[in-house]
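Report on one structure; see the data block that follows.
Quick note: the coordinates plus some simple rules give every number you see, no bench work behind them. Because the structure is a prediction, the values reported are computed rather than measured. Please note: Cβ atoms are built from the backbone with ideal geometry, for glycine as well, and neighbour counts cover all protein chains shown.
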Amino acid sequence: MHNRPCPDRRREGARTMFDVLLGVPSDCSGRFAGCQLMPAELRAAGVVDALGVEDLGNLQVAIADPRRDPATGVIGLKDLLNQSRVIRDNTQALLAEGHRPLLVGGDCTVLIGVAAAMARTHPEAGLLFVDGHLDCYDGTTSTTGEGADMELAVLLGVGAQPLVEFADRTPAFAHRRVVVLGPFDEADAAAEGSPDPRTFAPETTIVPIDELLADPGGHTRRAVAALDARADGFWLHLDLDVHSSDVMPAVDYRDPRGLDFDQLRDVLAVACASPTLVGASVVILNPTQAPPEDESARRVVEMLAAAIGR
């Protein structure tokens, strides 16, 4: 448990600041395929000084079983549940103390533990989900079995029951309190039979990539306004694969259809300026997928610092 005094930053100026950084070196493939290196990569690129945060180190998490659970189809299900407990308990402690944490992944499965923590500390909060993928597969339709294919569906109440029930309520976030920005794979997911959130969670707001590209800042302002009207605070989740792979190759599943760094900075600047932001997670930087001279980590750090006005 952390026992640091923490002022109520909602009473400060419009620009929101994170005060602590927590590494979550997760990789839901069960094969340590590279995303677990993300916290170290961003630290090496200067993220702690650039953001002016206290570095709390890494949570001790690992998904080391690459097998798909026979009942649910999820890779390393027991490991994933154990990881989610560690994330839940540590995030809950930070939120209860009044911190505004930044969790640096890893992969999108960090959100399962975060949602459980939010259910306990901010039960009426919402979720701003910025991702190039909908992540609404289940254990049957996912070709990989990775939990990061499925976490949004899980938080909306669809998928493997041990994960759906993990937050002690279903859904973990009320559908009307979730806004999704940036997916470019809706047609791909539909063709593969993925559950469709427009059908099972019709109150969820989804802004696909073509719309977001037309006005990144404007769509984010409308998203934050909608969350302010429907929720008591919100968590920001950022999967860096919302970037076009033309500008950021260091991701697991490359796709050129995403945002550039300036466009994503505009999204983040609006979200991070909101006094109702509770905390954030940023995931999916895989240095093993890029050439040695790639500077994705440095560019991500610069983008995050610019977004919070540092």
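General remarks:
- Look at the dipole of the chain built from charges on Cβ: of Thr109, Ser281, Ala93, the Cα furthest out on the positive end belongs to Ala93.
- Only helices enter the 222 nm calculation for the chain: every DSSP H run of n ≥ 4 contributes -39,500 (n - 2.57), and dividing by all residues gives -10000 deg cm²/dmol, rounded to 500.
- Cβ-placed point charges (K, R +1; D, E -1), dipole of the chain about Cα centre in debye, nearest 20: 1040
- 3J(HN,Hα) couplings calculated from phi for segment 240-255 with the Karplus curve 6.51 cos²θ - 1.76 cosθ + 1.60 (θ = phi - 60°) are, in sequence order, 5, 6, 6, 5, 5, 5, 5, 10, 9, x, 7, 10, 6, 10, 6, 7 Hz; Gly and Pro show x.
- J(HN,Hα) series, segment 105-121, from Karplus relation 6.51 cos²θ - 1.76 cosθ + 1.60, nearest Hz, glycine and proline x: x, x, 10, 5, 5, 4, 5, 5, x, 4, 4, 5, 5, 4, 4, 8, 9
- Each eigenvalue of the Cα gyration tensor of segment 113-192, multiplied by 5 and square-rooted, gives one semi-axis; in descending order these are 22, 15, 9 Å.
- Segment 11-84: C-alpha gyration tensor shape, a/c 1.5 cut-off, then a/b vs b/c: prolate
- Globularity index of segment 54-105, i.e. its alpha-carbon radius of gyration over 2.2 N^0.38 Å: 1.38
- Here segment 10-143 yields Rg over Rh of 0.98, to two decimals, using C-alpha coordinates and the Kirkwood radius.
- Of the three principal axes defined by the Cα atoms of segment 19-307, the extents in descending order read 44, 41, 41 Å.
- Beta bridges per DSSP, both residues in the chain: antiparallel share near 5 percent.
- Under a model in which nothing but the beta-carbon of Lys, Arg (+1) and Asp, Glu (-1) is charged, segment 168-253 shows a dipole of about 560 debye around its Cα centre.
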